[in-house]
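A short write-up of the structure that comes next.
The values are calculated or read from the model by the stated rules, or taken from the named source; none is laboratory data. Computed from a predicted model, the values in this text were never measured in an experiment. Using ideal geometry, Cβ is built from the backbone for each residue, glycine included, and neighbour counts are taken over all protein chains shown.
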Amino acid sequence: MTSLAPTHTPAPTQTTTETRTSAPLLLLFGSKTSGQSRRLDGFVAHVVQRRHNHGTFRYRIVDIEDRPDLFDRFHVTDVPTLLVIDDGRVQGRLVGFHQPKAVEELLTPWLH
C-alpha cells in the first residue's frame, strides 16, 4: 500500500514512563473501502519519505471492520482520522480527508 509498510495492529500499549522508550505511534483509522483513507495513507508516506523520516514513527492502519474497539477507545467517529500517540497520549489528531500540507503540519513536531 505504501513504502512505510503499514500493518494492522492490536491495541497500542500505554506507557507511564517520563522518558520516551520508542518512536511515537502514528495511527490511520480508516476503512478498506474508503478511497479517502487510501489517499491519506499515500500522503502520510509521501510526507515521511520527503522529509527522510522513515524510522520516526511506528505506523499502523486501523480498519473499522477489524478493530471497532480501537475506534471507540480513541473516540474516532470519522474516516479517515490520523492520530499521533506519544508518551502514551494522543498528541495530534487530524479528522477527515486533508491534503499533504495538513499532514505535514500535524507531523512537524516529530520530523527532523
Inset, instruction - Could you please tell me which pairs satisfy a Cβ distance under 6 Å, a separation of 6+ or placement on different chains, a first residue in segment 75-95 that is over 18 Å from residue 110 (Cα atoms), and a second residue that is exposed (fewer than 14 other Cβ atoms within 10 Å of the Cβ)? - result: 78/96; 95/78
Inset, instruction - Consider only pairs whose beta carbons are under 9 Å apart and that are at least six residues apart or on different chains; among these, list those whose first residue lies in segment 21-34 and is surrounded by fewer than 16 Cβ atoms within 10 Å (Cβ to Cβ) and whose second residue is in a strand (DSSP E or B) and of a type in the set (Lys, Arg). - result: 22/58; 23/58
Inset, instruction - Say whether the condition of being of a type outside the set (A, V, I, L, M, F, W, C), on the phi < 0 side of the Ramachandran plot, at pLDDT 90 or above and part of a loop (DSSP other than H, G, I, E, B) is met by at least one residue in segment 43-63. - result: no
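When the residues of segment 66-90 are narrowed to those that are surrounded by fewer than 15 Cβ atoms within 10 Å (Cβ to Cβ) and assigned to a strand (DSSP E or B), which ends up nearest to the chain's Cα centre (by Cα)?
The first filter runs over segment 66-90 and keeps only residues surrounded by fewer than 15 Cβ atoms within 10 Å (Cβ to Cβ), leaving 66, 68-69, 72-73, 75, 77-78, 87-90.
Okay, now just the ones that are also assigned to a strand (DSSP E or B), so 89-90.
Numbers: 89: 13, 90: 11 Å.
Among those that are surrounded by fewer than 15 Cβ atoms within 10 Å (Cβ to Cβ) and assigned to a strand (DSSP E or B), it is 90.
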